[in-house]
Amino acid sequence: MSLSIKQLHPLFAAEVSGIKLSPSLSDAQAAELHDAINQYAILIFHDQHFDDDELLDTGKRFGSIAPPRNHRSGDRLKHAVLADISNLDQNGELRKRDDTRRLDGLANQLWHSDASFRPISGELSMLYAHVVPPEGGDTQFADLRAAYDALDDDLRTIIADHWAEHSILHSRGLLGYSDYNEAERSLVPEVRHPVVRTHPGSKRQSLYLGSHASHIIDLPIPDGRLLLRELMEHATQQQFVHTHSWRKGDLVIWDNRCTLHRGKRYDDIKYKRDLRRVTTQDLTTVDHNPELVPAS
Ligand code: OGA
Ligand code: MN
């Protein structure tokens with residue numbers, strides 16, 4: 001059966017039907033999906049089915065898998081390389097309001113690009129919905145290639161050669177959460193990535209930023225923060241944003257190299273939400289922080 005693709009937003013994001021995603025995708029189907037990702041950046045599939053093995057093995061068809069931080073997460077999921085995007089503890093019960101894992105995870109509601117705080121940052125994320133709340137909990141996406149295209153020349157020139165420092169501790173700190181011990185901090189050293197990158201799959205220029213981006217290298221901290229804030233405000237204007245309302249069985253693939261995303265609020269004290277994610281590594285970023293990437 002061949003793919004059918006329906007664009008959902010004037011700039012990006014498409015719904016794909018006529019395919020059951022699985023580890024046994026044909027090479028031709030995988031190539032077709034890669035082309036669609038390069039064009040639309042966000043792909044949405046309904047009525048899919050994955051257990052943890054199948055989600056991981058499907059992710060592997062798209063690249064090498066990026067390990068999540070799994071901050072004090074326990075082992076609810078079968079594989080440590082799957083990110084547990086839920087409000088549930090090891091027993092499948094709702095986490096309490098003061099649960100440290102919950103407080104850490106709230107920063108997923110700030111615009112970000114997965115693993116931008118890693119020396120090898122995230123390429124594609126695949127997020128699968130097992131349980132969705134009856135209201136709230138949408139995920140929003142912003143198109144950073146279109147946002148780049150819409151910058152005025154002045155700003156484009158200013159940011160052309162800038163690099164930003166990214167840290168997971170920065171995004172958590174924005175919400176006033178900093179309960180990390182030295183061992184945890186030492187696992188997430190600050191990293192650097194360019195603010196403007198060429199998206200390899202489409203050769204289009206893209207902004208690369210998000211809430212992990214703390215400041216601009218070589219600028220005074222307040223100047224860099226103002227610049228990042230201006231770019232974030234620009235890039236997340238309504239015309240660049242697509243909102244996805246989850247149904248059980250949805251799988252969304254997004255390209256972290258050219259989009260931002262954020263979760264939207266829901267009553268996580270009352271309703272269960274169980275999403276699981278696999279993310280591939282953007283190996284083009286190996287050279288951004290050579291001292292942090294051991295030669296293989
Ligand atoms: C993620 C993420 C947002 C959400 O899975 O990386 O940021 O809506 N999710 O849960
Ligand atoms: Mn995320």
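Some observations on this one:
- Taking the Cα centre of the chain as origin and assigning +1 to Lys and Arg Cβ atoms and -1 to Asp and Glu Cβ atoms, the resulting dipole is close to 580 debye.
- Relative counts (whole %) of C-alpha pair distances in region 1-116, using bins that are 5 Å wide: 2, 9, 16, 18, 18, 16, 11, 7, 2, 0
- For region 200-253, alpha-carbon Rg relative to the globular expectation (2.2 N^0.38 Å, N residues): 1.53
- Hydrodynamic radius by Kirkwood, which averages 1/r over all alpha carbon pairs of region 168-289, in angstrom: 17.2 Å
- Debye intensity ratio I(q)/I(0), log10, the chain, q values 0.06, 0.15 Å⁻¹ (C-alpha model): -0.18, -1.25
- Ranking His130, Ile159, Ile65 by how far each Cα lies toward the positive end of the dipole of region 4-286 (charges on Cβ) leaves His130 at the top.
- Dipole size of region 250-296 about its Cα centre, with +1 on Lys/Arg Cβ and -1 on Asp/Glu Cβ: approximately 440 debye, rounded to the nearest 20.
- A helix-only calculation puts the chain at -6500 deg cm²/dmol for mean residue ellipticity at 222 nm, using -39500 (n - 2.57) for each DSSP H run of at least four residues, averaged over all residues.
- The slack between Ala295 and Glu230, meaning 0.36 nm per residue of separation minus the straight C-alpha distance, is 19.8 nm.
- Sequentially through region 89-99, phi angles give Karplus couplings (6.51, -1.76, 1.60; θ = phi - 60°) of 8, 4, 8, x, 9, 4, 6, 7, 4, 9, 5 Hz, Gly and Pro residues having no value and appearing as x.
Coordinate-derived values only; no laboratory data. Here the structure is a predicted model, which means the values were calculated and not measured. Note: ideal-geometry Cβ built from the backbone for every residue, glycine included; neighbour counts use all protein chains shown.
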